[in-house]
Amino acid sequence: MFTNLDNYFIVNYWPVAHYNDPGHIPGAMQYTPKESLKSATSLKTLPTDKPVVVYCYTGQTSAHVAAFLRVLGYNAKTLQFGCTGMIYDKLLEKGLSTYKPATDIIGGEYEK
């Protein structure tokens, strides 16, 4: 995904405060957990012409969201290990959920 971010619609699936700090993947759109992906809110803003990549802190919640979106017909994927694979130390500093895949820290692009 990081080799061509424009090929994906990237969903940052956590509160807006965390989208701003510790930051987000460049170009990611913020969707609030348990609020945004309802048919009456932002669900219909997801594109149907490109893959949707959902990420959260550890990848567990985003895996469930991606599965839900696939049932609805979207080409949805989850970002393995979520942000933990990129900004483990920042998540730890802020007391946010983490999972440390010792061999899988990728250091992908992130902006604040």
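For PHE9, PHE68, which order do you get if you count the other beta carbons within 10 Å of each Cβ and list the fewest first?
Exposure proxy ranking, most exposed first: PHE68, PHE9.
So, in the chain, how many Lys pairs have Cα atoms under 20 Å apart, if the pair is 8 or more places apart or on different chains?
Number of lysine pairs found: 9.
Trypsin sites (Lys or Arg not before Pro) within the stretch 6-60: which are DSSP loop residues with at most 13 other Cβ atoms inside 10 Å?
LYS34, LYS38
Once the piece of chain linking ASP49 and LEU5 is laid out straight, how much longer is it, given 0.36 nm per residue of separation minus the C-alpha distance between them?
14.4 nm
Amide H to amide H, which residues 5 or more places from LYS77 or on other chains are under 5 Å from it, using H placed in the peptide plane?
Amide H to amide H, under 5 Å and 5 or more residues apart or across chains, LYS77 pairs with VAL52, VAL53, VAL54.
Just rank LEU96, LEU46, fewest to most, by other beta-carbon atoms within 10 angstrom.
The most exposed by this proxy come first: LEU96, LEU46.
Once the other residues with Cβ under 13 Å from the Cβ of VAL53 are scored (Lys, Arg +1; Asp, Glu -1), what is the net sum?
Surrounding charge for VAL53 is +2.
Any read-out appearing in this document is the output of simple, stated calculations on the displayed coordinates, not a laboratory observation. These numbers come from a predicted model, not from an experiment. Heads up, the Cβs are rebuilt from the backbone with ideal geometry, glycines too, and the neighbour counts pull from every protein chain shown.
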